[in-house]
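What follows is a short report on a single structure.
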Amino acid sequence: MTVTLQDVAVLTRLPIDGKPVTGITDCDDWGHVCEDLLGVGPLAEKIKGGRIYLSWLKETFSIVPDIDLDDDILQQYARAYILFVLGSTIFADGTGNKIHACYLYLLRDLDDAGRYSWGAAALAHLYRALYKGSVLGERTCHAPGRPSPGRGKCI
């Protein structure tokens, strides 16, 4: 038995038709991209290899100020929230605490973000994680907050 695209669509209600979830993964300054789309960039220790720590997103954007905010600032908070959800659920990695900043490019226009095939991307990510977790020597698949079970094991 295998997980199919239809299974993903039924279980997650994510769109499986639409624009492909692709983009730039090689950038010299992801901090600048974050600053441009989130209004603030993470400190150097909060972004490694283009991956943003979810804890930084949570610390920085978990409380929306109670003042009247303009639309640009509300969109920055929305992007941060969506990026956090993507990193902690759909595109969770073996560390359980990072998300690649490349997804920010797809959230640049929030009206357009719903036109992507997030379900297909989620399935591709799942299969890639299963492959990496089954390769001898890889330690990429474990429950966040728990010690890794060892090489080639996935729980």
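Give me the base-10 log of I(q)/I(0) for region 1-86 at each q in 0.11, 0.18 Å⁻¹, Debye formula, one uniform scatterer per Cα, rounded to two decimals.
Reported log10 I(q)/I(0), two decimals: -0.43, -0.92.
For the chain, divide the Cα radius of gyration by the Kirkwood radius and give the resulting Rg/Rh value with two decimals. Kindly include the intermediate steps, with their values, before the conclusion.
Details: Rg = 16.5 Å, Rh = 16.7 Å.
Rg divided by Rh gives 0.98.
Got a number for carbon plus sulfur as a percent of region 1-113's accessible area, 1.4 Å probe?
On the way: 3680 of 6920 Å².
About 53 percent, which is the carbon plus sulfur part of the accessible surface.
Suppose every K and R has +1 on its Cβ and every D and E has -1 on its Cβ; what is the size of the dipole of the chain about the Cα centre, in Debye to the nearest 20?
Values: 16 positive and 19 negative charges, 249 e Å.
Value, rounded to 20: 1200 debye.
Return the ratio Rg/(2.2 N^0.38 Å) for region 87-133, where Rg is computed over Cα atoms only. If you can, show how the numbers build up before the last one.
Details: Rg = 11.6 Å, N = 47, 2.2 N^0.38 = 9.5 Å.
With N residues counted in region 87-133, Rg over 2.2 N^0.38 Å equals 1.22.
Could you report the chain's accessible area per residue, 1.4 Å probe, as an integer in Å²? Don't jump to the answer; show the numbers that get you there.
Details: 9710 Å² over 155 residues.
On a per-residue basis, the chain sits at 63 Å².
For the chain, find the longest principal axis of its Cα atoms and tell me its angle to the long axis of helix 118-134, 0 to 90°, nearest 10.
For 118-134 against the chain, the angle is about 50 degrees.
Through the Karplus equation 6.51 cos²θ - 1.76 cosθ + 1.60, θ set to phi - 60°, convert the phi angles of region 67-75 into ³J(HN,Hα) values in whole Hz; use x for Gly and Pro.
With the stated coefficients, region 67-75 comes to 9, 5, 9, 6, 4, 5, 5, 4, 5 Hz.
For n ≥ 4 DSSP H runs only, could you compute -39500 (n - 2.57) per run for the chain, divide by its residues and tell me the 222 nm figure to the nearest 500? Working shown, then result.
Numbers: 7 runs with 66 residues, N = 155.
After summing the helix terms and dividing by residue count, I get -12000 deg cm²/dmol.
Tell me, what HN-Hα J-couplings in whole Hz come from the Karplus equation 6.51 cos²θ - 1.76 cosθ + 1.60 at θ = phi - 60° for each residue of region 86-92, using x for Gly and Pro?
4, x, 9, 10, 5, 10, 4
The values are calculated or read from the model by the stated rules, or taken from the named source; none is laboratory data. The model shown is predicted, which means the values in this text are computed figures rather than measured ones. As a convention, Cβ positions derive from the backbone with ideal geometry for all residues, glycine included, and neighbour counts pool all protein chains shown. When the accessible area is computed, the model is the full protein with side chains, heavy atoms only, and any ligands, DNA or RNA have been set aside. Shrake-Rupley method; radii C 1.70, N 1.55, O 1.52, S 1.80 Å.
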